[in-house]
1. How many residues does the stretch 142-158 hold that are surrounded by 15 or more Cβ atoms within 10 Å (Cβ to Cβ) and touching a Lys or Arg at 6+ places or on another chain (Cβ under 7 Å)?
2. Quick check: is even one residue across the stretch 135-143 modelled with pLDDT of 90 or more and not charged (D, E, K, R)?
3. Looking at the stretch 40-79, which of its residues are more than 19 Å from residue 10 (Cβ to Cβ) and open to solvent by 60 Å² or more (accessible area, probe 1.4 Å)?
4. Which members of the stretch 88-134 meet the condition of being modelled with pLDDT of 80 or more and either under 30 Å from residue 26 (Cα atoms) or polar (S, T, N, Q) (or both)?
5. Suppose we keep only residues that are of a type in the set (D, E, K, R) and closer than 19 Å to residue 56 by Cβ within the stretch 5-35. Which one would you say is least open to solvent (accessible area, probe 1.4 Å)?
6. Report, by residue number, each residue of the stretch 125-134 that is touching a residue at least 24 places away in the same chain (Cβ under 8 Å) and either hydroxyl-bearing (Ser, Thr, Tyr) or open to solvent by 30 Å² or more (accessible area, probe 1.4 Å) (or both).
7. Confirm whether residue 163 is at pLDDT below 90 and within 17 Å of residue 125 (Cα to Cα).
Amino acid sequence: MTLRADPAVVAWVGRHVLPYEAKVRSALSRARVPESDIDDLLQEAYCRLCSLRSVEHVENPEGYLFRTVRNVLNAQIRRRRIVRIDFVNAMDLLAHADQRPSPEEETSYRRYLALVREAMTALPERCRRILEMRKIEGLSQREIARRIDVSESIVENEGAKGLRLIAKALRDKHGEDAPEIQWRRQARD
């Protein structure tokens, strides 16, 4: 059975992915992957990309190309009995070249952000407004105090109170699986 590529997907790959081929080639060359292997890896990656039914889910074509080449390389490594060291180096370079979060991580962070927004709306009015000015608008404590006509210590205390209330609301809803808690844990390790 032969699969036929969707012409719209092929055109999208040509417009949005092909311009990043030089970056992938460069990363693989730095890992000392032979040019003939680079050609094979890219051809297999393009075949995989062109066989997609849709590309609507792809937000970052460059990262998607890097991830696809890394997946092709990983599949080749799994099939081989002897793994060439240049392929291992290439896996490391490709992994670092694409630092964007996975679609699953992005979905998790979006859900988490929705929970943060919900928790912010439950804050007392002055506390919420101070947090918005400080964390979203990026104003200094002094500027916030001047704008709402309170002391800087009130701004500091209300901001800390708001953050505590938001953290508590997130822990109550999300438990230890909250991304914010995971980020803190990773920062300590």
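1. Matching residues across the stretch 142-158 total 2.
2. Start the filter on the stretch 135-143 by keeping residues that are modelled with pLDDT of 90 or more, which leaves 140-143.
Still in the list and also not charged (D, E, K, R): 140-141.
Among the residues of the stretch 135-143, at least one is modelled with pLDDT of 90 or more and not charged (D, E, K, R), which makes the answer yes.
3. Once the filter is applied, which keeps residues that are more than 19 Å from residue 10 (Cβ to Cβ) and open to solvent by 60 Å² or more (accessible area, probe 1.4 Å), the stretch 40-79 yields 40, 59, 71, 78, 79.
4. Result: 121, single match.
5. Within the stretch 5-35, the match that is least open to solvent (accessible area, probe 1.4 Å) is 6.
6. So in the stretch 125-134, the residues touching a residue at least 24 places away in the same chain (Cβ under 8 Å) come out as 126-128, 130-131, 134.
Those that are touching a residue at least 24 places away in the same chain (Cβ under 8 Å) and either hydroxyl-bearing (Ser, Thr, Tyr) or open to solvent by 30 Å² or more (accessible area, probe 1.4 Å) (or both): 126, 128, 134.
7. Values: at pLDDT below 90: yes; within 17 Å of residue 125 (Cα to Cα): yes.
When the stated conditions are applied, residue 163 passes them.
The values are calculated or read from the model by the stated rules, or taken from the named source; none is laboratory data. These figures come from a predicted structure and were not determined experimentally. Positions of Cβ are generated from backbone atoms using ideal geometry, with glycine treated the same way; all protein chains shown enter the neighbour counts. Accessible surface is based on the protein model in full, side chains and every heavy atom, while ligands, DNA and RNA are left aside. Shrake-Rupley method; radii C 1.70, N 1.55, O 1.52, S 1.80 Å.
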